[in-house]
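Notes follow once the structure below has been shown.
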Amino acid sequence: MSGLEDLYREIILDHYRNPRNRGELESPPAHRAEGFNPLCGDEIVLHVLLDDDGVIDDIKIGGQGCSISQSSASMMSAAVKGKTIEEARNLTATFKAMMSIHETEIGGDGSEAEADEPVTADLPLGDLEALRGVVKFPVRIKCATLSWNTLSQAFDELAAEATG
Amino acid sequence: MTSSERPTGDQAELDVAAIRKDFPLLHQEQEGKRLVFLDSAASSQRPVHVVEAMSEFYYTSYANVHRGVYRVAERATNRFEQARATVARFIGAGSAAEVVFTKNATEAINLVAGSWGKTNLGPGDAIVLTILEHHANIVPWQMLAAERGFEIRWIPATDDGRLDLSDLDRLVDGAKLVAFTSMSNVTGSITAAEQIIAAAKAAGALTLVDACQSVPHLPTDVTELGADFVTFSGHKMLGPTGIGILWARAELLEAMPPFLGGGGMILNVTTDGFLPDAPPARFEAGTPPIAEAIGLAAAIDYLESVGMEAIRRHEVALTAYALRKLSTELGDSLTIHGPSEPAARGGVLSLELHGVHAHDVSQVLDEHAVCIRPGHHCAKPLMKHLGVPATARASFYLYNDTDDADALAEALVAARDFFAL
Ligand SMILES: Cc1ncc(COP(=O)(O)O)c(C=O)c1O
């Protein structure tokens, strides 16, 4: 099962079994965003609390999903906590670049083909590197990116609220 | 027919080895392992007979239907209409004119909603659906309800994924339509169609039966059933994709306005308007799925040569075996949703391996060349009722045997052990 071990690295299973930042925040003041993976029914409920300087003061993850979507969400929450929105967006771009390279090679379905977006960051991904194996399992890329897309959606909603 | 001979007779035991010979896709190996295809509830595989019937038609008799006077076109039209007659006979329809070819079951249900529903449902009206429904039998009605403002009532489900009919009479009271599945694509539960239809009739409501999961696996007689509309898809019954069926009672079709407009569905068109043709042409705008109809008829010939009764007996026996095998091998670590009694269900097993998400289960099973489907199976209200975000669904057909059930059990044990906490 070498292929499987590539996908399910120990650190992924650890985050799946012991998810970080699991739970909810009061909303408002926190912003709540929901993401769905219509393919497999996974759901992510994200609560983000920003401080006055636009720094992610706290983040909580709810919902259910497979080990890939749940561990990715857990690692993401740990990685973006204490970061500014811009830093979190750059990290998102870096993570998605890691996910997308192979996707464009296999001529993915386009919905996540953001590889040609100007990638503004090549930040160190730390634990998140463990998810690199996912690109070999194209149908699972959507699982890995669900929480990140939901985070981007939260930021977009916050920006829309601020201007509207 | 140049392919291997069809298995014959309505024998008690299917000769699965002979049947499998007719399905080339099943002969392949995946990394040295025998391919175990357990996803027929989503779409079946097809025998060489179907593919060959379609290519023979394309190579010798293809032309657009209902238009040409040249002989090839006449032959194509005849073959196409023969296919309609084959479908009609297979499901016990009163006449071939009651059989409308659509793109799939989803389009067939949308046709009923868009034609019958649009003219018969409005504010103050109600229809009844069930919690077991596939989204194909929910969303078209929700779309129409949003436009026309009628009420949708829901027949609830029991904990084991059957319909709870204890409040049936009250639910159907005053309703204009009761639309329900004959067999759940999630729990395999076979619904009490006769009881629901009788209650609907008593209340003056029409009935639509989403027979997608039952027509491929159980003998079907729409006339005996007494429903008003029956819908199903060709691709789940050994036929090609791109063809589905709406059967409806002739009087209903006669009274219904067209669904899609275009060529093939009119008697006359002037700058002032159009005169629609009679059914079934009225509901078949544009060039229909011609070769697909030929393929579907070949699939029906194949199913009949094996025998629908024999297929059902085989699947009940195999499901009983699989239920036993899985509970022996996996015990408390596995929940199998749906009725525990094999005779009350089809060969559809929705599995929940505790502590392991369905998506992860399917990933491990793929390493064992076992093809199953994770997800909500387009039945989110039912998943919510069962309290699971997703299940891993294994489904059987005439080409599956106990070796497949054993491979499933073995792969599930491996998945459990791989993710063991
Ligand atoms: C019960 C049921 N209804 C409807 C459908 C929709 O069939 P199709 O996608 O062929 O239109 C399916 C197939 O997934 C089904 O299982």
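The values are calculated or read from the model by the stated rules, or taken from the named source; none is laboratory data. For clarity, every value in this text was computed on a predicted model and none was experimentally measured. Note: ideal-geometry Cβ built from the backbone for every residue, glycine included; neighbour counts use all protein chains shown.
Here is a list of conditions, (1) surrounded by fewer than 17 Cβ atoms within 10 Å (Cβ to Cβ); (2) hydroxyl-bearing (S, T, Y); (3) within 15 Å of the ligand (Cβ to nearest atom), and B:S166 meets all of them except one; can you say which number that is?
The single condition B:S166 does not satisfy is (3).
This table checks each residue for (1) modelled with pLDDT of 95 or more; (2) in a strand (DSSP E or B); (3) away from the ligand (no atom under 13 Å from the Cβ); (4) not acidic (D, E).
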residue	(1), (2), (3), (4)
B:T106	yes, no, no, yes
B:N110	yes, no, no, yes
B:S115	yes, no, yes, yes
B:T119	yes, no, yes, yes
B:P123	yes, no, yes, yes
B:V128	yes, yes, yes, yes
B:L132	yes, no, no, yes
B:P140	yes, no, no, yes
B:L144	yes, no, yes, yes
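Considering only the range B:260-282, I want to know if a residue exists there that is in contact with a Phe, Trp or Tyr (Cβ under 6 Å, 6 or more places away or on another chain), in contact (Cβ under 8 Å) with a residue 12 or more places away in the chain and assigned by TED's automatic domain parsing to the domain that holds B:A227. Spell out how you get there, then give the answer.
In the first step, residues of the range B:260-282 are kept if they are in contact with a Phe, Trp or Tyr (Cβ under 6 Å, 6 or more places away or on another chain); the result is B:266.
Filter once more, keeping what is in contact (Cβ under 8 Å) with a residue 12 or more places away in the chain: none.
So far as the range B:260-282 goes, no, none of its residues is in contact with a Phe, Trp or Tyr (Cβ under 6 Å, 6 or more places away or on another chain), in contact (Cβ under 8 Å) with a residue 12 or more places away in the chain and assigned by TED's automatic domain parsing to the domain that holds B:A227.
Return the residues of the range A:68-81 that are out of contact with any Pro (no Cβ under 9 Å at 6 or more places or on another chain) and within 14 Å of chain B (Cβ to nearest Cβ); say none if nothing qualifies. Spell out the reasoning first.
Residues of the range A:68-81 out of contact with any Pro (no Cβ under 9 Å at 6 or more places or on another chain): A:68-69, A:72, A:75-76, A:78-81.
Within the range A:68-81, A:I68, A:S69, A:S72 qualify.
Can you tell me which residue among B:A157, B:A145 is under 23 Å from the mean Cα position of the chain (by Cα) and not assigned by TED's automatic domain parsing to the domain that holds B:L318?
Values: B:A145 fails: under 23 Å from the mean Cα position of the chain (by Cα).
Going through B:A157, B:A145 in turn, just one is under 23 Å from the mean Cα position of the chain (by Cα) and not assigned by TED's automatic domain parsing to the domain that holds B:L318: B:A157.
Need the failing condition index for B:V209 against (1) aliphatic (A, V, I, L, M); (2) more than 11 Å from the ligand (Cβ to nearest atom); (3) closer than 25 Å to B:L171 by Cβ, just the number.
For B:V209, the exception is condition (2).
Could you say which residue among B:A53, B:A41, B:A93, B:A85 is outside any loop (DSSP other than H, G, I, E, B) and closer than 25 Å to B:A248 by Cα?
Just one listed residue meets the conditions, B:A85.
Among the residues of the range B:222-248, write down those that are out of contact with any strand residue (DSSP E or B) (no Cβ under 9 Å at 6 or more places or on another chain) and more than 8 Å from the ligand (Cβ to nearest atom). Give the steps one after another, and end with the answer.
Restricting attention to the range B:222-248, the residues satisfying the condition of being out of contact with any strand residue (DSSP E or B) (no Cβ under 9 Å at 6 or more places or on another chain) are B:223-224, B:236-238, B:240, B:242.
If the condition is that a residue be out of contact with any strand residue (DSSP E or B) (no Cβ under 9 Å at 6 or more places or on another chain) and more than 8 Å from the ligand (Cβ to nearest atom), then B:T223, B:E224, B:M237, B:L238, B:P240, B:G242 are the ones that fit.
Go through the range A:22-42 and count every residue that is crowded, with 17+ Cβ neighbours inside 10 Å and within 14 Å of the chain's Cα centre (by Cα).
First, pick out the residues of the range A:22-42 that are crowded, with 17+ Cβ neighbours inside 10 Å: A:25, A:30-33, A:35, A:37, A:40-42.
After this cut, where a residue has to be within 14 Å of the chain's Cα centre (by Cα) as well, the list is A:33, A:35, A:37, A:42.
Final tally of qualifying residues: 4.
Which is within 16 Å of the ligand (Cβ to nearest atom) and surrounded by 22 or more Cβ atoms within 10 Å (Cβ to Cβ), of B:L253, B:L296? Quick ask: steps written out before the conclusion?
Details: B:L253 fails: within 16 Å of the ligand (Cβ to nearest atom).
After ruling out the rest, the residue left standing is B:L296.
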